[in-house]
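The values are calculated or read from the model by the stated rules, or taken from the named source; none is laboratory data. Given the structure is predicted, the values throughout are model-derived calculations rather than measurements. Neighbour counts run over all protein chains shown; Cβ positions are idealised from the backbone, glycine included.
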Amino acid sequence: MKSNAVLSPFKTLPLKGRDVLTWLDYTTEEVHELLSLAEQLKKDPVSKSLEGKTLGMIFEKSSTRTRVSFEAGMLQLGGHAIYMNSRDIQLGRGESIADTAKVLSSYVDAIMIRTFEHEKVAALAEHASVPVINGLCDTYHPCQALADVLTIYELKGQLAGLKVVYIGDGNNVAHSFMILCAKLGMDVAVACPEGYEPAQEVIDATVELTGHSGGSFTLTHDPVEAAAGADIVYTDVWASMGQEEETAERLQIFEPYQVNDELLAHSSSDVKFLHCLPAHRGEEVTGEVIDGVKSAVFQQAENRLHVQKAILLSVIG
């Protein structure tokens, strides 16, 4: 990282036993602590800190980065991860969330779930006696957002005061990105088509957070307006999992929101491009951008491993 560090030294805040459902539940100091720990773990990845500990992983949505990074992370920390999809466990056959949470809590030291409704994640956390980590739901993607801001810090050497722009669908990725960047003092701009804006409660929370952090929030339907002077431009696929039937319609609606060289020309001269992956080249982003010198998408993907190890080490203890 650059020498003008803004991350506080890791002091081991009392995060043991905490759930990670959304960054609205965490203070700015706690987020900085997690980022600082992730930075250290990236430099020194292998330890026995979680030897004898087990992470249970429930997947109701498929994944590449979430599954492999959590499994590899637990292994590097000396622990073990158990993969469970909905066909492997009784949750997929009608067992209640409460019963599943109580049973798994007697077997593992933490539970990660990747699913659809946020209410399911919250219910699992309510009934589990071990920490629950939101690996993705339809409303939030907190682990991705933490990797995003670690990447931004590595690229720019600072967080507060930067202009970060999200262009595309106001989805779960946008929600967590907005919340975390606002909490950390960044100027956040979102550009999306009418009818595809982020959820109003997330917009309200983002506005409130920027009021405390010194950042700002702009919502527009004009991608050029949003991208003006941007330090970071971020996008995601236009049709997420569960929206496959809307793909053809969305391709037409979102076409003006493609991230390409023409759009990035309105940003700062050293703008960097982010994407949570998987990407559809030729749709939400051109190949020239995602595979070009402005792209940091694979650094961003790698950082999923490091931030998730920081979360695991902090909440399991």
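Descriptive notes on the structure:
- Tally, over the stretch 242-259, of residues that are loosely packed, with under 13 Cβ neighbours inside 10 Å and either in contact with a helix residue (DSSP H, G or I) (Cβ under 9 Å, 6 or more places away or on another chain) or not acidic (Asp, Glu) (or both): 3
- The single residue among Gly56, Gly92, Gly78 that is over 18 Å from Ile133 (Cα atoms), modelled with pLDDT of 95 or more and of a type in the set (Gly, Ala, Ser) turns out to be Gly78.
- Residues (farther than 25 Å from His306 by Cβ and within 20 Å of the chain's Cα centre (by Cα)) located in the stretch 74-117: Phe116, Glu117
- Cβ-Cβ distances below 9 Å connect the following pairs, each with a first residue in the stretch 138-166 that is more than 30 Å from Glu117 (Cβ to Cβ), a second residue that is among the acidic types (Asp, Glu) and part of a helix (DSSP H, G or I), and a separation of six or more residues or different chains: Tyr153/Glu39; Glu154/Glu39.
- The stretch 1-27 - residue that is among the β-branched types (Val, Ile, Thr) and either over 13 Å from Leu146 (Cβ atoms) or in contact with an Asp or Glu (Cβ under 8 Å, 6 or more places away or on another chain) (or both) and, of those, modelled with the lowest pLDDT: Val6
- Counting only strands (runs of 3 or more DSSP E) that sit wholly inside the stretch 68-185, those with at least 1 residues that are small (Gly, Ala, Ser) and under 30 Å from Lys272 (Cα atoms) are 132-136.
- Unmet requirement for His306, which otherwise passes all of (1) in contact (Cβ under 8 Å) with a residue 40 or more places away in the chain; (2) surrounded by 16 or more Cβ atoms within 10 Å (Cβ to Cβ); (3) farther than 30 Å from Val132 by Cα: (3)
- All told, Glu197 meets the bar of being among the charged types (D, E, K, R), within 28 Å of Thr66 (Cβ to Cβ) and touching a strand residue (DSSP E or B) at 6+ places or on another chain (Cβ under 8 Å).
- Matching residues, the stretch 193-206, being surrounded by 14 or more Cβ atoms within 10 Å (Cβ to Cβ) and more than 19 Å from the chain's Cα centre (by Cα): Pro193, Tyr196
- On the stretch given as the stretch 272-300, residues that are surrounded by fewer than 19 Cβ atoms within 10 Å (Cβ to Cβ), in contact with a helix residue (DSSP H, G or I) (Cβ under 8 Å, 6 or more places away or on another chain) and assigned to a helix (DSSP H, G or I) total 2.
- Unique match (being assigned to a helix (DSSP H, G or I), crowded, with 21+ Cβ neighbours inside 10 Å, in the same structural domain as Tyr153 (by TED's automatic domain parsing) and within 19 Å of the chain's Cα centre (by Cα)) among Leu263, Leu209, Leu312: Leu209
- Of the residues in the stretch 141-151, at least one is crowded, with 21+ Cβ neighbours inside 10 Å, acidic (Asp, Glu) and under 21 Å from Lys42 (Cβ atoms).
- Within the stretch 71-107, being in contact with a His (Cβ under 9 Å, 6 or more places away or on another chain), farther than 16 Å from Phe59 by Cα and surrounded by 13 or more Cβ atoms within 10 Å (Cβ to Cβ) holds for Gly73, Met74, Ala98, Lys102, Ser105.
- Test: residue in the stretch 196-203 that is among the β-branched types (Val, Ile, Thr), under 20 Å from Gln144 (Cα atoms) and not in a loop (DSSP other than H, G, I, E, B): yes
- Scanning the stretch 29-53 for residues that are crowded, with 18+ Cβ neighbours inside 10 Å and either among the polar types (S, T, N, Q) or assigned to a helix (DSSP H, G or I) (or both) turns up Val31, His32, Glu33, Leu34, Leu35, Ser36, Leu37, Ala38, Glu39, Leu41, Lys42.
- Residue list for the stretch 237-270, filter: in contact with a Ser or Thr (Cβ under 6 Å, 6 or more places away or on another chain) and farther than 16 Å from Gly195 by Cα: Val259, Asn260
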